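So the structure is just underneath, and the comments pick up after that.
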Amino acid sequence: MTSSRLARLASLSVCVAFSSAWAVPAPSAPAAAASAPGPAKPSATASSKDAASAAVSAKAEPTTSNKPASTKPAPAKAPPPAPVPTDLPTWCKTIAERLTALPLHQCLNTGLQPGDGRSVRGIPLWFRDIKPASGAPRLRVLVLGGIHGDEMASVNLVFNWLERSVKSNNAPIHWRVVPLVNPDGLLRKPATRTNARGVDLNRNFPTADWATNARSYWISRTGKDPRRYPGPAAMSEPETRWVQRQLEQFKPNLIVSVHAPYGVLDFDGPPPPPDKLGNLYLDQVGIYPGSLGNYGGVVQRVPVVTLELKDARQIAASESAAMWTDLLGWIDRRLINVAQQGSTTKQP
Ligand SMILES: [Zn+2]
């Protein structure tokens, strides 16, 4: 790794684009993760905020149901905890309220199914499988949006691509599309990069260097940035475990992971990468302990295309379409036709 790449890594690692406020109470957690130590700062902050919120709530709560009417203004009540959307109509309604560019009907009409995993708060992780319009698939592609909950544009983009692939899938591709990996982060107010336990899911994958480097990297290179906390252990988070299961069960030949807002195209894995997707140009920024690119591309040897959109809040439909066209073209040239040539040469 060159010194310039290290410098660039360092500069990227300390970028903070959004608020790191911690407003959601810590939910119940699996025993292994609950017993492990978390980052001191976020835990302490969350605890104090929780305590303050509980105190306000206790003061505001009436003690009887038939109190006499008072001319004094009622004390402000703490908002009730956000409901956990577990069915598709409620989930879509909740998500569409946060993603202004996502019409409710688009979310409802894309045929999402609940996966066999849930977020920390218990929200199902929805996905959709799309098989080729005709013939057997020759390639399996896993598309992931919203690993970071405050990157709304990535969720919008994946919903847009999902709609496109549902309408027309003439390529021999079996798509598995997951618009939102981190619903807890997206639904926080304000939305957060991390999940409900304050873990950066894109630093929580079981890379070869996780045990030795993830925590020390977080401490020395990010200054214990709570937005980049890798978790108490690799795979400590249910969202990470579910994505890892998709790799085991679906066995993708390609993973496409959508992020924002660095405005580049990153790539990990074996074949020649795409030069560009839409207005994003290849700029391989390196790998991090616990990242999906590191785990998928280096450990699993599955190519991982990582889009870093330019704006985390929104993406123009024309940009989304251009990226989709370029992605399909690259897949066709570099993966499907290469695979076809490879299988042809292996014929006896
Ligand atoms: Zn991201």
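Key figures
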item: Evaluation of Arg203 against (1) crowded, with 24+ Cβ neighbours inside 10 Å; (2) away from the ligand (no atom under 16 Å from the Cβ); (3) among the charged types (D, E, K, R) (one fails), failing number; result: (2)
item: Selection count where residues are open to solvent by less than 10 Å² (accessible area, probe 1.4 Å) and closer than 14 Å to Gly263 by Cβ, scope segment 298-307; result: 1
item: Where a residue in segment 99-119 is more than 14 Å from Glu163 (Cα to Cα) and part of a loop (DSSP other than H, G, I, E, B) and its partner, wherever it lies, is open to solvent by less than 20 Å² (accessible area, probe 1.4 Å) and acidic (Asp, Glu), with Cβ under 7 Å and at least six apart; result: Ser119/Asp184; Ser119/Glu239
item: Every residue from segment 238-283 that is within 16 Å of the ligand (Cβ to nearest atom) and assigned to a loop (DSSP other than H, G, I, E, B); result: Ala260, Pro261, Tyr262, Gly263, Asp283
item: Pro226 being away from the ligand (no atom under 13 Å from the Cβ), under 21 Å from Pro261 (Cβ atoms) and open to solvent by 40 Å² or more (accessible area, probe 1.4 Å); result: no
item: Meets criteria (touching a residue at least 40 places away in the same chain (Cβ under 8 Å), open to solvent by 20 Å² or more (accessible area, probe 1.4 Å) and under 26 Å from Tyr217 (Cα atoms)) for Tyr295; result: no
item: Condition check for Asp283: crowded, with 21+ Cβ neighbours inside 10 Å and modelled with pLDDT under 95; result: no
item: Pick from segment 308-341, criterion touching a helix residue (DSSP H, G or I) at 6+ places or on another chain (Cβ under 7 Å) and within 15 Å of the ligand (Cβ to nearest atom), ranking: most open to solvent (accessible area, probe 1.4 Å); result: Arg313
item: Any hit, segment 330-339, residues being of a type outside the set (D, E, K, R) and at pLDDT 95 or above; result: yes
item: Residue count for segment 142-200, restricted to those that are away from the ligand (no atom under 16 Å from the Cβ) and crowded, with 24+ Cβ neighbours inside 10 Å; result: 8
item: Evaluation of Phe250 against (1) crowded, with 18+ Cβ neighbours inside 10 Å; (2) of a type outside the set (Gly, Ala, Ser); (3) modelled with pLDDT of 95 or more; (4) over 24 Å from Thr100 (Cα atoms) (one fails), failing number; result: (1)
item: Any pair with Cβ under 8 angstrom, 6 or more apart, that starts in segment 255-281 at a residue that is free of Cβ contacts under 8 Å to residues at least 24 places away in the same chain and over 25 Å from Gln244 (Cα atoms) and ends at one that is open to solvent by 40 Å² or more (accessible area, probe 1.4 Å) and among the hydroxyl-bearing types (Ser, Thr, Tyr); result: Asp275/Tyr281
item: Among (1) within 28 Å of Val199 (Cβ to Cβ); (2) buried (at least 18 other Cβ atoms within 10 Å of the Cβ), the one test that Ile130 misses; result: (1)
item: Residue within segment 209-219 that is more than 19 Å from Asn109 (Cβ to Cβ), within 13 Å of the ligand (Cβ to nearest atom) and either surrounded by 24 or more Cβ atoms within 10 Å (Cβ to Cβ) or free of Cβ contacts under 8 Å to residues at least 40 places away in the same chain (or both) present; result: no
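The values are calculated or read from the model by the stated rules, or taken from the named source; none is laboratory data. All values derive from a computational prediction rather than experimental measurement. Here Cβ is always computed from backbone atoms with ideal geometry, including for glycine, and neighbour counts include all displayed protein chains. With ligands, DNA and RNA removed, areas are computed over all heavy atoms of the protein, side chains included. Shrake-Rupley method; radii C 1.70, N 1.55, O 1.52, S 1.80 Å.
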